[in-house]
């Protein structure tokens, strides 16, 4: 299993944990990070990659020669709806831009 830092305000959902596991990834929730500032986990040798929902998190991972993962959200509420997350698939990109997709 590869260890990926999971960058999010919320702990990973059961669906995210299961999908990551199918991809050979152990999620380590590190909390929220400002995607516009340095992300320490991008330079931490403990992690082989970083997973988040903000695309800039993925860009910073790749910039630091880490794998990047992004979970697709398939349940976007309307403008006045309560935020919710239902995972649809996981996309993992390597620093050499090999792309792997893991559907639900």
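Computed from the coordinates by the stated procedures, all read-outs in this text should not be read as laboratory data. Note that the structure is predicted; figures quoted are calculated from it, not measured. Every residue, glycine among them, receives a Cβ derived from its backbone with ideal geometry; neighbour counts consider all protein chains shown.
Among 74-80, 38-44, how do they line up by average Cβ neighbours within 10 Å per residue, starting with the highest?
Ranking the peptides 74-80, 38-44 by packing returns 38-44, 74-80.
Using only alpha carbon pairs under 8 Å that are at least six residues apart, calculate the relative contact order of the chain and give it in whole percent. Walk me through the numbers before you get to the answer.
Details: 211 pairs, mean separation 24.0, N = 104.
Contact order relative to length: 23 percent.
Multiply the residue separation of residue 73 and residue 101 by 0.36 nm, subtract the distance between their alpha-carbon atoms, and state the gained length in nm to one decimal. Mind dumping the intermediate values first?
Details: separation 28, 0.36 × 28 = 10.08 nm, distance 1.41 nm.
My answer for the length gained is 8.7 nm.
Show me, bin by bin at 5 Å from 0, the whole-percent P(r) of segment 1-57 based on Cα pairs.
Each 5 Å bin holds this share of Cα pairs: 5, 21, 32, 25, 14, 4, 0.
Return the FRET efficiency for the residue pair residue 18, residue 43: r is the Cβ-Cβ distance, R0 is 25 Å, and the value is rounded to the nearest 0.05. The partial results should precede the final answer.
Details: r = 29 Å, r/R0 = 1.14.
That gives a FRET efficiency of 0.30.
Just to be sure I understand, if you calculate mean projected area of the Cα convex hull in nm² for this structure, which of (i) 6.0; (ii) 7.5; (iii) 6.4 do you get?
(iii)
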